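To keep things clear, I will list the structure first and then write my remarks on it.
The values are calculated or read from the model by the stated rules, or taken from the named source; none is laboratory data. The structure presented is a predicted model; accordingly, all values stated were derived computationally and were not measured. Glycine gets a Cβ as well: all are built from the backbone with ideal geometry, and neighbour counts include every protein chain shown. Just so you know, the surface numbers come from the protein's heavy atoms only, side chains and all, with ligands and any DNA or RNA stripped out. Shrake-Rupley method; radii C 1.70, N 1.55, O 1.52, S 1.80 Å.
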Amino acid sequence: MEIRAATELPARREPIELHTADGLTLVGELAQPLDRPPVATLVTLHPLPTHGGFMDSHVYKKAANRLPALADLAVLRFNTRGTSSDRGTSQGAFDGGEGERYDVAAALEYAEYHDLPHVWVVGWSFGTELALKWAHDPLVEGAILLSPPLHRATDADLDAWARFGRPLTALVPEFDDYLRPEEARARFARVPQAEVIGVDGAKHLWVGEPYVRTVLDEIVKRVNPAAWPLPTEV
């Protein structure tokens, strides 16, 4: 069977709640391999909720639908404060990336408390800003950024990640609306351990199955290289 956009492979999927240090309850889901423990964990940070971003944004939904079965990964998705999806609405209100520091911390605390292994943070658009600003946690083994705008995240945040020392990969669409590969390479040059990968033909939202496959392949290549490349059929 060919893996298509709507393919959902077997996994253990459970609704979860995250509790922030400033007293909010956030809703999410954890997907894990069906009959074995995960070898690594993705904590996903979604695009801008004021522009339609949420835990079900399509790349993350497809990651949760495929990667537990294909790559033995746990995929943790959640709605940041004030964000809604079919799973429900997280308490609080959008705070422009500042109060969301507590949301990132709550997701990482959940992963640590539940002994989820080898945690990598994956941010997309607004989520990349949250990763760069707030994911400097000893639990985090690295970060993968999808379409980083480097708008709220500044050179000071890049310098902080350079000092943090963990691997950083940025997947930058050729036709991104905010930051394109050449400029991204110049900006991320501040981070010695950063790798910038330009993706030909792609746009900010990664619409189209070929681009989703590229994203998921690049994630797996770094987080569980034994499962790379991902199959296109099951």
Picking from E2, E29, the residue that is under 25 Å from G208 (Cα atoms) and either buried (at least 19 other Cβ atoms within 10 Å of the Cβ) or at pLDDT below 95 (or both) would be E29
Residue set R77, R81, R36, R66; condition over 25 Å from L230 (Cα atoms) and either modelled with pLDDT of 95 or more or open to solvent by less than 10 Å² (accessible area, probe 1.4 Å) (or both); output residue R81
Among (1) open to solvent by 40 Å² or more (accessible area, probe 1.4 Å); (2) more than 12 Å from the chain's Cα centre (by Cα), K61 falls short only on (2)
Residue count, the stretch 84-111, condition open to solvent by 30 Å² or more (accessible area, probe 1.4 Å) and among the polar types (S, T, N, Q), comes to 3
Review point. So is A135 of a type in the set (A, V, I, L, M, F, W, C) and under 12 Å from the mean Cα position of the chain (by Cα) or not?
Key: yes
Taking the stretch 181-202 and keeping only residues that are among the small types (G, A, S), assigned to a helix (DSSP H, G or I) and open to solvent by less than 50 Å² (accessible area, probe 1.4 Å), one is left with A184
Given (1) touching a residue at least 40 places away in the same chain (Cβ under 8 Å); (2) open to solvent by 30 Å² or more (accessible area, probe 1.4 Å), I144 misses just (2)
If we keep only residues of the stretch 156-179 that are in contact with an Asp or Glu (Cβ under 8 Å, 6 or more places away or on another chain) and within 13 Å of I197 (Cα to Cα), then the residue surrounded by the fewest Cβ atoms within 10 Å (Cβ to Cβ) is E174
Screening A5, A74 for residues that are assigned to a loop (DSSP other than H, G, I, E, B), within 24 Å of T128 (Cα to Cα), in contact (Cβ under 8 Å) with a residue 12 or more places away in the chain and not β-branched (V, I, T) leaves only A5
Among (1) crowded, with 20+ Cβ neighbours inside 10 Å; (2) within 24 Å of T80 (Cα to Cα); (3) not small (G, A, S), D137 falls short only on (1)
Across (1) open to solvent by 20 Å² or more (accessible area, probe 1.4 Å); (2) among the aliphatic types (A, V, I, L, M); (3) out of contact with any helix residue (DSSP H, G or I) (no Cβ under 9 Å at 6 or more places or on another chain); (4) under 17 Å from V27 (Cα atoms), L48 clears everything bar (3)
Restricting attention to the stretch 177-199, the residues that are in contact (Cβ under 8 Å) with a residue 24 or more places away in the chain, among the charged types (D, E, K, R) and in contact with a strand residue (DSSP E or B) (Cβ under 9 Å, 6 or more places away or on another chain) number exactly 2
Among residues of the stretch 29-71 being assigned to a helix (DSSP H, G or I) and among the aliphatic types (A, V, I, L, M), the residue farthest from L216 (Cα to Cα) is A69
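Each row is one residue, and each column tells you yes or no for (1) in contact (Cβ under 8 Å) with a residue 60 or more places away in the chain; (2) within 19 Å of T169 (Cβ to Cβ).
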{"residue": "L48", "(1), (2)": "yes, no"}
{"residue": "F78", "(1), (2)": "yes, no"}
{"residue": "D86", "(1), (2)": "no, no"}
{"residue": "T89", "(1), (2)": "yes, no"}
{"residue": "W124", "(1), (2)": "yes, yes"}
{"residue": "L130", "(1), (2)": "yes, yes"}
Residue set L205, L150, L230; condition hydrophobic (A, V, I, L, M, F, W, C), assigned to a loop (DSSP other than H, G, I, E, B) and surrounded by fewer than 18 Cβ atoms within 10 Å (Cβ to Cβ); output residue L230
